[in-house]
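Here the structure is laid out as structure tokens; the discussion comes afterwards.
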Amino acid sequence: MPTFEGPASGKLLYLGECMHRILLADSDPATRDLLCLRLRQYEMTYAPTAARALALAHQKRPRLAICEYVQSDMCGLELLKRLKTVLPDLPLITIAPYDSLWIRARVRIAGAYAYFPKPLRIDVLRCLIQRLLGPGSDGGVDAQVSSSADQALISQAKSFIDEHYAEPLSRAGLCSCLGISKRTFNRKFRAVEGVSFRDYLLHVRLTKALELLSTGQYPVTEVAQMVGFSDLPRFDKVFKRAAGSPPSAYRNLTLADAFLGRRLGCNRASTALPGRIAIKRQVLRQNY
């Protein structure tokens with residue numbers, strides 16, 4: 001049965017005996033009510049703000065946390081990082097207001113185990129939580145999804161990708177280097193990382209492209225080549241699909257924001273991507 005940490009009451013109301021405690025950091029009452037209804041076998045501790053979520057993480061020591069990407073008082077990525085500092089083994093699930101490969105990449109880098117855009121696929125989310133917090137679970141992700149040998153293997157693969165992302169990389173070539181079949185590699189990589197090899201490689205390349213474009217020192221064509229895209233139209237397409245804006249527009253906005261920051265005496269210029277909707281612009285501005 002759920003418990004609620006509401007802004008009006010200011011205290012925790014216990015409604016029944018539960019298996020495990022889940023921290024829900026989300027200011028949306030509709031999301032709270034939905035999750036508490038569908039996850040009533042767990043103890044749901046609700047925090048309407050990021051600051052309250054961090055305080056409850058210290059006090060209640062939850063077994064799992066579900067965090068909204070957009071927080072009213074703190075960057076959503078910063079909340080993930082701070083929760084990992086408080087409880088390093090805490091599985092984190094992020095809820096986003098819309099589906100974006102870019103957000104997916106950022107929350108994974110920040111330590112999130114899973115990502116769910118709205119509208120929520122509540123049955124999939126519930127199955128995942130049951131897998132993580134089922135009977136006999138210690139709440140840790142590693143014990144549930146992969147062995148230490150798999151972790152070491154995928155860590156080696158990620159290190160190779162991180163060092164050679166600018167080169168032509170193929171799954172077959174990487175598997176040959178690791179001495180493993182493509183099918184086994186695909187299964188192990190997704191089990192450990194939660195995403196496919198192709199998505200992880202794309203995340204690394206797009207993140208690096210963002211850094212290079214933010215400097216304003218390189219033209220888009222050169223940035224595409226520097227991060228491993230030999231086909232400029234494909235780079236434009238992938239970047240726009242992930243970020244909601246072509247790389248040239250992002251670079252121009254970065255330069256304009258940097259100029260404005262100097263004129264206003266700001267220490268750090270905003271480097272947001274111009275999103276298709278207002279909330280997207282807000283979300284990206286608080287993270288870049």
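For this structure, a couple of remarks:
- Flagged links, alpha-carbon separation over 27 Å, of Lys118/Lys237; Lys118/Lys158; Lys60/Lys188: Lys118/Lys158; Lys60/Lys188
- The ranking of Ser72, Ser100, Ser196 from fewest to most other beta carbons within 10 Å of each one's beta carbon is Ser72, Ser196, Ser100.
- C-alpha center-to-center spacing [the range 195-233, the range 106-130] in angstrom: 26
- Listed from fewest to most Cβ neighbours within 10 Å, the set Arg104, Arg131 follows the order Arg131, Arg104.
- The range 148-232: GluC sites (Glu not before Pro) in DSSP coil with no more than 16 other Cβ atoms inside 10 Å: none
- Counting every other Cβ atom within 10 Å of each residue's Cβ, Met44, Met226 order from fewest to most as Met226, Met44.
Coordinate-derived values only; no laboratory data. Everything numeric here is computed off the predicted structure, so don't read it as measured data. Neighbour counts are summed over all protein chains in view; Cβ atoms, including those assigned to glycine, are modelled from backbone coordinates with ideal geometry.
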